[in-house]
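Notes to accompany the following structure.
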Amino acid sequence: MNTATPQPMALALAGPTASGKTAAALALADQWRERGGVEIISVDSALVFRGMDIGTAKPTAAELAAVPHHLIDIRDPLNAYSAAEFVRDAEQLMAQIRARGRMPLLVGGTMLYFKALFEGLSDMPPAHPEVRAAFQETLAQEGLAPLYTRLQQVDPVTAARLAPADTQRILRALEVWQLTGQPISSFQTRDTQAPARQDIALISLEPVDRSWLHARIALRFDHMLEQGFVAEVQALRARGDLHADLPSMRCVGYRQVWETLDSHAPTGQMHGKMRDLGIFATRQLAKRQITWLRSMPHRHAVAADAVDALPQVMALAQQLVPN
């Protein structure tokens, strides 16, 4: 009996925001041209939204033209996109890309999507409009603080993991508890017990020096502001059908700019406030992404801040998927 580990049929490249994933993905695509080429599947919960280009650091037109990309600009910001939908779409795309003789290359930093793809989805209940509406009413009348306190009582594990201002996830955790009588953390624990799939090789870009990443985050956020990020958010607000609690508008950067615009701060102070809030939130996101990555024992880590990080990624990809 042959018990050898099956050769990976797809390659994944993960890492925190601003760790160099796009450059590495394009280099891998160039490396693979003589082997049939690759097609990139975005693993990013923000890139799915149309009209959100600057604040998501969406690939440029030239980058999109250089290699086929998928799961970008597939949703209006008014409509959510779930981890379950991502897994369904990614599975279909991987099969189609392989049928075309190319390598699926999954690239991004939405770790919930990676976790769902590698370990499967739990059997936690779907969203329930009536239960959610009841919590939304409490939110409108009393604010988020009592709801967070309630979560601390019924699911202290999840409450400790979430920020007290994370409205979306606090409401979801309370909704699951209301529907099942069990904390959402119990479903997530079941997920971690599932063996990771072996047909996708995961390379992880993880900086050793956190200050290196912080500097890149600040530089990128400044570049977004220079490109017109505030005007982009103002255009989204002007639609009239979007609000701050939508998943799209809770994306890092967008939420901070939206809330700063709501504050009606003097123009002279607004830019600095947006910058400080946006950079801080992005740094917090990167910290969470790294924590998620380190919980994935099957990953192959590369120091993103190493001078030879890109050659390391390319050599590792060749080693993991040799044919």
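Tell me whether the range 290-309 contains one or more residues that are part of a helix (DSSP H, G or I) and more than 26 Å from L213 (Cβ to Cβ).
no
Every residue in the range 251-273 that is among the aliphatic types (A, V, I, L, M) and closer than 15 Å to A165 by Cα, please.
Correct list: V252 only.
Based on this model, can you work out whether R237 counts as among the basic types (K, R) and under 30 Å from P8 (Cβ atoms)?
Numbers: among the basic types (K, R): yes; under 30 Å from P8 (Cβ atoms): no.
Criteria not met by R237.
Just to be sure I understand, how many residues within the range 18-44 are hydroxyl-bearing (S, T, Y) and surrounded by fewer than 23 Cβ atoms within 10 Å (Cβ to Cβ)?
Of the residues in that region, 1 qualify.
Tally the residues that are assigned to a strand (DSSP E or B) and either of a type in the set (V, I, T) or modelled with pLDDT under 80 (or both), restricting the search to the range 153-212.
Just the residues of the range 153-212 that are assigned to a strand (DSSP E or B), to begin with: 200-205.
Subset that is either of a type in the set (V, I, T) or modelled with pLDDT under 80 (or both): 200, 203.
Of the residues in that region, 2 qualify.
Collect the residues in the range 243-282 that are surrounded by 17 or more Cβ atoms within 10 Å (Cβ to Cβ) and part of a loop (DSSP other than H, G, I, E, B), keeping them in residue-number order.
L246, P247, C251, V252, G253
So which residues in the range 150-161 are of a type in the set (A, V, I, L, M, F, W, C) and under 21 Å from A133 (Cβ atoms), if there are any at all?
L151, V154
Would you point out the residue of the range 196-215, among those that are surrounded by fewer than 19 Cβ atoms within 10 Å (Cβ to Cβ) and acidic (D, E), that is farthest from Q289 (Cα to Cα)?
D199
Of all the helices (runs of 4 or more DSSP H) wholly in the range 65-146, which have at least 2 residues that are surrounded by 18 or more Cβ atoms within 10 Å (Cβ to Cβ) and within 16 Å of the chain's Cα centre (by Cα)? Working first, answer last.
Numbers: elements: 83-99, 111-119, 129-142.
In the range 65-146, 83-99, 111-119 are the helices (runs of 4 or more DSSP H) which contain 2 or more residues that are surrounded by 18 or more Cβ atoms within 10 Å (Cβ to Cβ) and within 16 Å of the chain's Cα centre (by Cα).
Does G253 satisfy the criteria of being over 26 Å from H128 (Cβ atoms) and without any contact (Cβ under 8 Å) to a residue 24 or more places away in the chain?
Working: over 26 Å from H128 (Cβ atoms): yes; without any contact (Cβ under 8 Å) to a residue 24 or more places away in the chain: no.
Answer is no for this residue.
When both residues are 6+ apart or on different chains and their Cβ atoms are under 7 Å apart, which pairs have a first residue that lies in the range 139-154 and is in the same structural domain as W177 (by TED's automatic domain parsing), and a second that is of a type in the set (F, W, Y)?
What qualifies is L147/F135; V154/W177.
Please work out which residue is surrounded by the fewest Cβ atoms within 10 Å (Cβ to Cβ), limiting yourself to the range 216-241 and to residues that are within 19 Å of A281 (Cβ to Cβ) and aliphatic (A, V, I, L, M).
L219
The values are calculated or read from the model by the stated rules, or taken from the named source; none is laboratory data. Everything quoted here is computed from the prediction, not taken from an experiment. A quick note on method: Cβ atoms are made from the backbone with ideal geometry, for glycine too, and the neighbour counts reach across all protein chains shown.
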